[in-house]
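Here's the structure, in structure tokens; my notes come after.
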Amino acid sequence: MFSNKEKKNSQEQLEKEALDPQRIPNHIAVIMDGNGRWAQKRHLPRVVGHKQGMEVVEVITKAASNLGVKVLTLYAFSTENWKRPVDEVNYLMDLPVKFFNRFVPELISHNVQVNVMGDESKLPKKTQVAVHNAIEQTKSCDGMILNFALNYGSRTEIVEATKKIARDVKDEQLDESQINDEIFAKYLMSEQLHPYNDPDLLIRTSGEQRISNFLLWQIAYSELVFTEVYWPDYKPQNLYEDILKFQQRNRRFGGIKA
Ligand code: V07
């Protein structure tokens, strides 16, 4: 007989086996929504949901890395999240510190490299130090990139890229006639992820069907999957199901069916 854990694992294994290993998305981006709602539903403070959400980051990172995903981008904190209650913001700013202390050795053993995109200069010093340490300690890992969007906003990213292009044109480092999609992309923060700048699959949890200023340029051809599951409840099995949805779609990039 199977124990409950073995039953769960064998079911999870079946989901995983349904996937075509040749068509695992290289870059998966996730809007990890529903942490506060998950907690409120249990009559717990919202921050308990964020803490549970961080545990899920670790589990999903390992599952994605084991599948052969090259880049996992997670929306950890948006430029709009500063509008939340100050206690909640303070708690969130402590999560990279907690994450660093708890999970970085395990990430290293999985050969996962930590990357961050966003305006780090506005973060509290302790958060900046934790982020810096996580990046520094994993910089020789050459497996999956775990890319946190932290104090990130896509419109600002595009505006900043445009300013840098304008400066380079003014300084005659770049000619206006050279500017095209490919050159423009080099000025975005996602260039750090080259050659996997653009997500193949974008997942948003918790039922909302919006992009909310996340990777607007980069998702031009991404498959979008919206799931009702709250991020703290998200399991490797949910990831396999969402990748299966991706594999069942027919990506055309504006062309016609093969
Ligand atoms: C945050 C946990 C996941 C659910 C969504 C919101 C709360 C991991 C990090 C992190 C960021 C940078 C880094 C190491 C870890 C994080 C924030 C919130 C602000 F280098 N989870 N997590 N940062 N949540």
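For the set Leu216, Leu201, the ranking by accessible area, highest first and with no ligand, DNA or RNA atoms included, is Leu216, Leu201 under a 1.4 Å probe. For Thr73, the residues whose modelled amide H falls within less than 5 Å of its own, excluding neighbours fewer than 5 places apart on the same chain, are Ile28, Ala29, Val30, Asn147.
Based on the Stokes-Einstein relation at 4 °C and a viscosity of 1.567 mPa s, and on the Kirkwood radius from alpha carbon pairs, the chain is assigned a translational diffusion coefficient of 66 µm²/s. Here the Karplus curve 6.51 cos²θ - 1.76 cosθ + 1.60, taken at θ = phi - 60°, turns the phi angles of segment 191-206 into couplings of 4, 4, 9, 3, x, 10, 4, 9, x, 7, 9, 10, 10, 10, 8, 6 Hz, with x standing for Gly and Pro. Have a look at Gly207, Gly36, Gly49 and tell me which one the Gaussian network model of the chain (Cα, springs below 10 Å) gives the largest fluctuation. Checking each option, the largest mean-square fluctuation is seen for Gly207. The alpha-carbon atoms of segment 1-152, seen along their principal axes, cover 50, 42, 25 angstrom, with the largest extent given first. A simple count of charges around Thr79, restricted to other residues whose Cβ falls under 13 Å of its Cβ and scoring Lys, Arg +1 and Asp, Glu -1, yields -1. Highest GNM mean-square fluctuation among His110, His132, His43, for the chain modelled with Cα contacts below 10 Å: His43. Checking every one of the GluC sites (Glu not before Pro) in segment 113-179 against DSSP loop status and a limit of 14 other Cβ atoms within 10 Å picks out Glu172.
Counted by Cβ distance under 15 Å from Ile108, the other residues give a net charge of -1, where Lys and Arg count +1 and Asp and Glu count -1. With the whole protein complex present, Arg210 retains an accessible surface near 130 Å², based on a 1.4 Å probe.
Derived value for segment 141-223: Kirkwood hydrodynamic radius 14.4 Å. Basis is the mean of 1/r over every pair of different alpha-carbon atoms. Pairs with C-alpha atoms separated by more than 26 Å, drawn from the list Lys98/Lys235; Lys62/Lys83; Lys139/Lys186, are Lys62/Lys83.
The values are calculated or read from the model by the stated rules, or taken from the named source; none is laboratory data. Note that the structure is a prediction, hence the values are computed from the model and not measured. So basically every Cβ, Gly included, is an ideal-geometry build from the backbone, and we count neighbours across all protein chains shown. Areas reflect the complete protein model, heavy atoms only, side chains present, ligands, DNA and RNA absent. Shrake-Rupley method; radii C 1.70, N 1.55, O 1.52, S 1.80 Å.
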